[in-house]
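The structure appears below as structure tokens.
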Amino acid sequence: MNRTTLSLFATTAVLAVVTGVAALNPPPGDTKGARPAGRMPVQRTALLCPAPTSSDVASTTYTAFTPPGKGGTAAASTADLLPAAGPARTDGKKDEPKKDAAKDASKDASKADKKTEKKDGKKAETDPGKPVLSLKEPGKPVTVTTERSDAPALLGSAAGPLAPGWTAQQTTTVAAGSGRGLHGVSCAPPDTSFWFPGASTAKGRQDYVHVSNPDNAAAVVDLELYGPDGRIKAPSGEGVTIPPRSTVPVLLSSLTDAPTENLTLHVAARSGRVGAAVQASDDKTGGDWLAPAADVAAGAVLPGIPADATSVRLVAFAPGTDDADVTLRLAGPSGSISPAGHESLHVKSGMTTVVELGDLTKGEAGSLLLTGARGSGPVVAALRVTRGKDDKQETAFIPATPAIEARGTVADNRAKASTLSLVAPGKDAQVKVTASAGSEGGTPVSKSYTVKGGTTLTVEPPQPTDGKGVFAVTVEKVSGGPVHASRMLALPKDGVPMFTIQPVPDDRSTVAVPRAEQDLSMLNG
């Protein structure tokens, strides 16, 4: 027997021993040979911000923030918001055709405005090659302000250690005219489907859906409208092209000749991925941004109805083939009750249903919980909330909001102006709330809270020690059952209770990474 043959036998014997040891000694905690997936911080995050306003008497503040984390150095990171190529906004005329807006977006892609706005020493760049806002380090927000009426939509990306939990918000104060009030929206990642219960094409209301495309190829979307009698014919909303790296605002009333007070808008991408948000402006009751509702589900949680709400309207839609039957509960500070006369709701498939809940909260802040009956179809839902009376009214929207699985952040908070609402629809939940350093200095402060099951805890979040400027608020789930959150920012002006409410979903800062299993099949000849 030659030396080569002996070496082969020896190698085979060693492999057999290794195989036996591996089989008898699997990795710790794994008795079946497969290890559970781990979670790692995301390496890249994309955010899209719609064009803020066309008003000449408005001011918009952009704020960006990344919670401090582990791994990597800020020097290896980038987090920028850059102007989109599309039009900032059409002129607001109701007969503005949607197709022209798309054509204008293509033309403007090559000649974006290079103006800048300077206020309080901070400059908001709108040169197409320069970021409007750049975040350089985690743990401290950055902010800029502009008073331009043609401020563009923004396309953002963050990489490296600045990507996990990167959050941005734009807050606009409109001093007068239609939509007068505080308009706030969190910039959101792109997706392929968005539901907006609570939109409208009624007289006196102007609702624009802003659709943004972050990619280098055109996207095609359908804009579907559903009223109380089902699908509304809107052929011009089908197959709308969104040019690369641009935004297109579409006036919903231009899609149909039939005014509808309450409807549901579905933005569905045929190709590509987009961002979408609806800006609602009312001649009498102000306005705000309507963010997409949480994914279609058997139930919904709508957190953070203000204690002084004078009117609450629920808009629900059943997108499936089956009708939806849900029970309604108001989770207040001490427990949950069924609203008198509105204990349950039947929503027909493909139809929008509206419930006027009046001054539901009766002086105590709360959250609305929708629970689907067994075998019921899924729903999407949102609330329109009004504060104030007569000509001093202001409105905001609360869409159904998913639970915070690990952590969620809202970027723009002001001293004595922010209210955080936390609701635990089932079991008790423990959370930690952290106020970041201010944009102009200060030290972070954290505080822990327990949210009793079936209740809403409403608190003024902690403020940074010696903090100056705006600050971010981060909510971390510590233990217990699901917890949902929203933040109200109230900046009253001239007797008008100007406010905006933003949902605080999970920031999706980590991603599941499968771990390798033992596989010796490669050793087979």
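The values are calculated or read from the model by the stated rules, or taken from the named source; none is laboratory data. In this text, all values refer to a predicted model and were calculated from it rather than measured experimentally. As a convention, Cβ positions derive from the backbone with ideal geometry for all residues, glycine included, and neighbour counts pool all protein chains shown. Just the protein is used for accessible areas: all its heavy atoms, side chains included, with ligands, DNA and RNA removed. Shrake-Rupley method; radii C 1.70, N 1.55, O 1.52, S 1.80 Å.
With K and R counted +1 and D and E -1, the other residues having a Cβ less than 14 Å from that of ALA307 yield a net charge of -2. In this rough spin-label picture, where each label sits 7 Å from Cα along the Cβ direction, the LYS348-ASP391 distance is 4.1 nm.
Here the range 368-525 has an Rg and Dmax of 20.3, 83 Å, counting Cα atoms alone.
For the residue pairs LYS140/LYS203; LYS392/LYS452; LYS233/LYS389; LYS233/LYS427; LYS416/LYS452, alpha carbon separations beyond 32 Å are given by LYS140/LYS203; LYS392/LYS452; LYS233/LYS389; LYS233/LYS427. At a probe radius of 1.4 angstrom, the accessible area of the range 177-263 per residue rounds to 34 square angstrom. Give me the one-decimal nm value for the distance between modelled label points at GLU440 and ALA512, 7 Å along each residue's Cα-to-Cβ direction. Label at GLU440, label at ALA512, 4.6 nm between them. FRET efficiency for the pair VAL478 and THR310, taken as 1/(1 + (r/R0)^6) with r the Cβ-Cβ distance and R0 = 30 Å, rounds to 0.25.
Heavy-atom surface analysis with a 1.4 Å probe gives the range 235-382 a carbon and sulfur content of 49 percent of its accessible area.
Taking 0.36 nm per residue of separation and subtracting the Cα-Cα distance, full extension of the segment from ASP257 to GLU364 would add 34.4 nm. Rg/Rh for the range 367-410 stands at 1.11; both radii use Cα atoms, and Rh follows the Kirkwood definition. Pairwise Cα distances in the range 217-344 exceed 23 Å for 46 percent of all pairs. 3J(HN,Hα) along the range 495-500: x, 8, x, 4, 7, 9 Hz, from the Karplus curve 6.51 cos²θ - 1.76 cosθ + 1.60 with θ = phi - 60°, whole Hz, x for Gly and Pro.
So, in Å, what gap is there between the alpha-carbon centers of the range 301-342 and the range 149-170? So the two Cα centres are separated by 32 Å. Taking only the alpha carbons of the range 269-358, we obtain Rg and Dmax values of 15.4, 47 Å in that order.
Give me the net charge of GLU460's neighbourhood, meaning all other residues with Cβ under 14 Å from the Cβ of GLU460; Lys, Arg count +1, Asp, Glu -1. My count for the surroundings of GLU460 gives +4.
Compared with the direct C-alpha span, the chain from THR192 to SER157 gains 10.8 nm at full extension, assuming 0.36 nm per residue.
Under 20 Å from a label point set 7 Å out along the Cα-to-Cβ vector of ASP322, the amide N atoms of the range 374-394 belong to 374-381.
Only the Cβ atoms of Lys and Arg (+1) and of Asp and Glu (-1) were treated as charged; on that basis the dipole of the range 368-422 about its Cα centre amounts to roughly 120 debye. Dividing the radius of gyration of the alpha carbons in the range 225-276 by their Kirkwood radius gives 0.97 for Rg/Rh. For ALA175, neighbours were defined as the other residues whose beta-carbon sits under 12 Å from its Cβ, and their charges (Lys and Arg +1, Asp and Glu -1) total -1. Annotation: extensible slack from LYS416 through GLU460 equals 15.1 nm (criterion: 0.36 nm per residue apart, minus Cα-Cα distance).
Taking amide H positions as placed 1.01 Å from N in the peptide plane, with prolines and chain starts having none, which residues 5 or more places from VAL496, or on another chain, fall under 5 Å of its amide H? Hits under the 5 Å cutoff: none. At q = 0.10 Å⁻¹, what base-10 log of I(q)/I(0) does the Debye formula yield for the range 131-230 when every alpha carbon is treated as an equal point scatterer in vacuo? Debye output, listed in q order: -0.41. From a point 7 Å beyond the Cα of ILE337 in the direction of its Cβ, which residues of the range 369-410 have a backbone N at a distance under 18 Å? Residues passing the 18 Å test: 369-370. When the inverse distances between all different Cα atoms of the range 190-255 are averaged and flipped, the Kirkwood radius reads 12.9 angstrom.
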